[in-house]
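Presented below is the structure to which this report refers.
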Amino acid sequence: MTSDTVAFFPAQRVRAIGVSEILRITDHANALKRAGRPVIVLGAGEPDFDTPQNVREAAVRAIERGDTRYTVLDGSPAMKAAVQLKFRRDNALDFAPDEISVSAGAKQVIFNALMASLNPGDEVILPAPYWTSYADIVQVCGGVPVSVPCTEANGFRLDAGQLEAAITPRTRWLFVNSPSNPSGAAYSAAQLQPLCEVLLRHPQVWVLADDIYEHILYDGLAFATPVAVEPRLRERTLTVNGVSKAYAMTGWRVGYGAGPRALIAAMAVVQSQTTSCPSSVSQAAAIEALTGPQDIVAERCADFQARRDFVVAALNRAPGLNCRVPEGAFYTFASCAGVLGRRTRGGMLLHSDSDFCRYLLQDFEVAVVPGSVFGLAPYFRISYATSMAQLEEACKRIVAACEALE
């Protein structure tokens, strides 16, 4: 280091956070694979299916006709019309174009909403387990994440009493993610109603409904979203969704949100100074996804359900593990409490879910994510959005790893 080198000091807003732990684990596992180790990665929340053919063709047509310029800041008129159609068809909800925002992924929709609405010290209630990015985004935007542990006995769902107890004069938002990443838990309309009744008594609390896994729901369970369950919450609810999960379009980066005009306008201000409009070509693809044939969504959901059933059964055969049956998404969230306190053959004592996940990767070459990353331990998340052959081998290794403990 030369004498004139100036040290870099990160801004206070990012000092307490880092790159997503899920991405870090996945990157480490992929590095081991590139080094020649037969690692099976069950960490990423990404469907293994290809984007549907009709969607890809719509993008090609957009390129060929020259639709490669800027669009309207928060979504082209055609894109917003497609979102309107989706909400009417799937949720019986009507939104005007100026009540809709389209961004480069659902994560940006969430970021824009919090950046546009949070003041320093405002609190955001996060039912745990929760997607790890929620807490980090809240902190970057100056808010305070308030984690409320939701028990496995209640299906990892928040109950009305917990919500009431968590609300303070500083509470600004409640996040509801159904089906959930990481637990796969989903709320029925009857389960959402008591939460809505609490919210009606606290008009300062807004609701962010993350519905990104809406179409990956099993066993005939009907999807429910807060503003459809309780229309009186409409003027303080942002309903977030996107095309990444249902249509296998993670790399296209298109998400959308619908909510009150004033919030949507404030979110547009944030987006205007960050990314500006979403990709024009990606919007063309997303329009086709939302308005074209929907059969493939149900077909792929059936494939996911078969994988879910296999993984749950396999994990429940492993000594020391216990896995509830998730209602949706493509994750299992299994307890590893029964293996803690035991030793590996190499002599390592397993103190935590992170230790167990480290053991699986180092000794049995399976990458999963510890529940502590999602705010609830001792659990671990498996993404079963991969081939059945990979899942069979991975579960075989996990069972062997549990049987090998002393």
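The values are calculated or read from the model by the stated rules, or taken from the named source; none is laboratory data. The shown structure was predicted, so the numbers you read here are calculated from the model rather than taken from an experiment. Because the Cβ atoms are built from the backbone with ideal geometry, glycine has one as well, and the counts that use them run over all protein chains shown. Surface areas here come from the heavy atoms of the whole protein model, side chains and all, with no ligands, DNA or RNA. Shrake-Rupley method; radii C 1.70, N 1.55, O 1.52, S 1.80 Å.
Counting other C-beta atoms within 10 Å, and keeping those with at most 16, which DSSP coil chymotrypsin sites (Phe, Trp or Tyr not before Pro) do you find in the stretch 25-133? Don't jump to the answer; show the numbers that get you there.
Working: sites: Phe49, Tyr70, Phe87, Phe95, Phe111, Tyr130, Trp131; in loops: Phe49, Tyr70, Phe95, Tyr130, Trp131.
Sites meeting the loop and neighbour criteria: Phe49, Tyr70.
Entry note, the stretch 69-292: relative contact order of 30 percent, from Cα contacts under 8 Å with a spacing of 6+ residues.
Residues whose amide H comes within less than 5 Å of that of Val369, counting only those at least five positions distant or on another chain, are Arg381 (H built at 1.01 Å from N in the peptide plane).
Can you tell me, using C-alpha contacts under 8 Å and at least 6 residues apart, the relative contact order of the chain as a whole percent? Write out the running numbers ahead of the final one.
Working: 779 pairs, mean separation 89.4, N = 406.
Relative CO of the chain lands at 22 percent.
So what's the net charge close to Gly121: Lys and Arg +1, Asp and Glu -1, counting the other residues with Cβ under 12 Å from its Cβ?
Details: positive: Arg170, Arg172; negative: Asp122, Glu123.
Computed value for this residue: 0.
Accessible-area rank, largest first, for Val205, Val281, Val6: Val6, Val281, Val205, with all protein chains present and a 1.4 angstrom probe. Here Leu32 sits with roughly 30 square angstrom of accessible surface, probe radius 1.4 Å.
Along the stretch 78-86 the Karplus relation, 6.51 cos²θ - 1.76 cosθ + 1.60 evaluated at θ = phi - 60°, assigns HN-Hα couplings of 5, 5, 5, 5, 5, 5, 4, 4, 4 Hz to successive residues, with x for each Gly and Pro. Per the Debye formula with a single identical scatterer at each Cα and no solvent contribution, what log10 I(q)/I(0) holds for the stretch 69-292 at q = 0.07, 0.12 Å⁻¹? With no solvent term, the Cα-only Debye profile gives -0.19, -0.59.
Note that the stretch 294-303 has calculated 3J(HN,Hα) couplings of 10, 4, 5, 5, 5, 4, 6, 4, 5, 5 Hz, one per residue in order, obtained from phi through the Karplus relation 6.51 cos²θ - 1.76 cosθ + 1.60 (θ = phi - 60°); glycine and proline are x.
Only helical runs count toward this figure. For the chain, summing -39,500 (n - 2.57) over DSSP H runs of n ≥ 4 and dividing by all residues gives -12500 deg cm²/dmol at 222 nm. Remark: the stretch 229-374 projects, on average over all directions, an area of 13.0 nm² (convex hull of Cα atoms).
With an 8 Å cut-off on Cα pairs and a minimum separation of 6 or more residues, tell me the relative contact order of the stretch 135-204 in percent. Worked out over the stretch 135-204, it gives 27 percent. Against the chain, whose longest principal axis is taken from its Cα atoms, helix 353-364 shows a tilt of about 70°. Non-local lysine pairs in the chain, meaning eight or more places apart or on different chains, with alpha-carbon distances under 22 Å, amount to 6. Near Leu174, the amide H atoms lying under 5 Å from its own belong to Ile125, Trp206, Val207, Leu208; only residues 5 or more places off or on other chains count, and H is placed 1.01 Å from N. Taking θ as phi - 60° and the Karplus parameters 6.51, -1.76 and 1.60, the scalar couplings of the stretch 25-38 work out to 5, 5, 5, 5, 5, 5, 5, 5, 4, 5, 7, x, 7, x Hz in sequence order, x denoting glycine and proline.
For the chain, a Gaussian network of Cα nodes joined below 10 Å ranks Ser279, Ser183, Ser101 by mean-square fluctuation, and the top entry is Ser279. Volume of the convex hull of the stretch 174-246 (Cα atoms only), normalised per residue: 84 Å³.
Within the full protein context, the accessible area of Glu392 is estimated at about 90 Å² for a probe radius of 1.4 Å. In this structure the amide hydrogen of Ile17, modeled in the peptide plane, comes within under 5 Å of no amide hydrogen from residues 5 or more places off or on another chain. Using a probe of 1.4 Å, the accessible surface attributed to Glu99 totals some 10 Å² when neighbouring protein chains are kept in position.
Please report the antiparallel percentage of DSSP beta bridges with both residues in the chain, rounded to the nearest 5. Before the final figure, lay out each step's value.
Values: 19 of 39 bridges.
Here the antiparallel bridges make up roughly 50 percent for the chain.
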